[in-house]
Amino acid sequence: MGSLPTTKGGNVVLKELALPDSVEPGEMAEAQIRVKNRAIVINPLDGDRCNNPVAGYKMRAGLTLPSGETVYTNEKCVAGDFSNHTWAKTFEVPDDGGDYTVEAWVEMTGSGKTTDTLEQSLSITSTPPETPDDGGSDDNDGGNGLPWLPSGGSTPDPSDPLNIGGQMDKLLLVVGLIAVAWAADSGAEVIS
């Protein structure tokens, strides 16, 4: 990456333009612009000088939005103490999907000096609606944990009021396995 955009003899550095990864068409997005003032001494006669309470520079951030519109943040007095300042600007994205470029720069409000721009890509996409969660039910057991009971969406056979018609063979198999296990455990002889 090349050097970051600066002004005021390299003292004011445009550090970052941060945007969301993607936004729905017509929704709101937020841009964050981060700047650092590295000035150790600021001339008392400098037209951009301010005090709040430490001497700094009066500045604001500018943005070129996906729509082509240019907007500015509020002016701030950014102290010359190597601290970072971040502006946040909310804007509406276009209704048309696609990839757009957002540009940001810093402008000194007394002298009008500006940094070069930083560019960041913004993806405007529609995401398909998520399918609702079915509660984790399994089609094999109807979500009730009992595989021999009908699944939650099945309709019982009116000619079988106990709803055990096709399940009887499974029940008999389980009873048979229990009987064999009991016989083996009790030491009963198996006739050959």
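No lab work stands behind these numbers, since they all come straight from the coordinates. Just so it is clear, the model here is predicted, and its values are computed rather than measured. Positions of Cβ are backbone-derived with ideal geometry, glycine not excepted, and every protein chain shown enters the neighbour counts.
Observations on the model:
- Packing order of peptides 32-45, 98-111, highest average first: 98-111, 32-45 (average count of other Cβ atoms within 10 Å over each peptide's residues).
- Proximal lysines relative to LYS15, as straight alpha-carbon distance under 23 Å, when same-chain residues fewer than 8 apart are discounted: LYS36, LYS58, LYS76, LYS89, LYS113
- Taking other residues whose beta carbon is less than 11 angstrom from the beta carbon of ARG34, and scoring Lys, Arg as +1 and Asp, Glu as -1, yields +1.
- Two-site FRET efficiency, ASN51 against TYR72, from Cβ-Cβ distance with R₀ of 30 Å, rounded to 0.05: 0.85
- For LYS15, nonlocal amide neighbours, meaning residues 5 or more places apart or on other chains whose placed amide H falls under 5 Å from its own, are ARG34, VAL35, LYS36.
- For LYS113, the residues 5 or more places off, or on other chains, whose built amide H falls under 5 Å of its own are MET108.
- The length gained by stretching the chain between THR114 and ASP95 to full extension, at 0.36 nm per residue less their Cα-Cα distance, is 3.7 nm.
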